[in-house]
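Undergrad: Handing you this structure, nothing more for now.
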Amino acid sequence: MHTATSRRDTSRITAAALNPKVATIAIVVAFAAAACGQPVAPAQPRALVPADAITPYYVGSPLDPAAVDELLAQAERSATAGELVVTADVSGCALPTIWAQPRPEQIAVSYEFDDTIACAEQVSYRAIFVIPGSGMNEHGRWAYSPGPPEIATEAHRPHG
């Protein structure tokens, strides 16, 4: 069984104008890279990921809190005016895909764990996203002001 939690750290969220560069397809997170806390690299998605999904700035296992804090600070520095930096935490075994999608009342962070891989214990993952503060997609128009909305996590089953 996989557990998911979301966390909104308002002391670390940067409300800094809409930037379409962050609307990209989702990525696959290599298990070894995630377990080692390495920045993610694009690969072929397995889940049915929306075309306007936002890829994470970083995904990894927060074994070194100082390194994760530094990556969060880097994401905050890279955010442009009107963008928000948010985090989400999920736990499970191999995490092949994670993405975010803004919605009018919340930011949905969707993920997929590979249930075909046996593991001795679950791993905690932290995902950092840079999200446009306003925009429109298939879910409607959103404008997160003066700060971010709640973050909802959604588990998906593999498709492929």
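Undergrad: Quick check on my filter: what residues within region 44-62 are surrounded by 13 or more Cβ atoms within 10 Å (Cβ to Cβ), modelled with pLDDT under 90 and not basic (Lys, Arg)? Walk me through how you get there before you give the answer.
TA: Of the residues in region 44-62, the ones surrounded by 13 or more Cβ atoms within 10 Å (Cβ to Cβ) are 45-50, 52-62.
Going one step further and asking which of them are modelled with pLDDT under 90, we end up with 45-50, 52, 60-62.
The answer is 45, 47, 48, 49, 50, 52, 60, 61, 62.
Undergrad: When the residues of region 123-144 are narrowed to those that are part of a loop (DSSP other than H, G, I, E, B) and not charged (D, E, K, R), which ends up nearest to residue 68 (Cα to Cα)?
TA: Here the residue is 133.
Undergrad: What number of residues within region 127-160 are within 14 Å of residue 88 (Cα to Cα) and at pLDDT below 90?
TA: 2
Undergrad: In region 80-102, how many are surrounded by fewer than 21 Cβ atoms within 10 Å (Cβ to Cβ) and of a type outside the set (D, E, K, R)?
TA: 6
Undergrad: Which one of the conditions (1) exposed (fewer than 13 other Cβ atoms within 10 Å of the Cβ); (2) part of a strand (DSSP E or B) does residue 147 fail to meet, given that it meets all the rest?
TA: Failed condition: (2).
Undergrad: Give region 145-157 a look and list any residue that's closer than 30 Å to residue 67 by Cα and out of contact with any Ser or Thr (no Cβ under 6 Å at 6 or more places or on another chain), or say none.
TA: Those that are closer than 30 Å to residue 67 by Cα and out of contact with any Ser or Thr (no Cβ under 6 Å at 6 or more places or on another chain): 145, 146, 147, 148, 149, 150, 152, 155.
Undergrad: Could you tell me whether residue 100 is at pLDDT 95 or above and out of contact with any Asp or Glu (no Cβ under 9 Å at 6 or more places or on another chain)?
TA: Considered against the rule, which asks whether it is at pLDDT 95 or above and out of contact with any Asp or Glu (no Cβ under 9 Å at 6 or more places or on another chain), residue 100 comes out as yes.
Undergrad: Considering only region 103-126, state which residues are at pLDDT below 95, out of contact with any Cys (no Cβ under 7 Å at 6 or more places or on another chain) and surrounded by 24 or more Cβ atoms within 10 Å (Cβ to Cβ).
TA: Within region 103-126, 111, 112, 125 qualify.
The values are calculated or read from the model by the stated rules, or taken from the named source; none is laboratory data. Small disclaimer: the values here were computed from a predicted structure and weren't measured. Backbone-built Cβ (ideal geometry, glycine too); neighbour counts: all protein chains shown.
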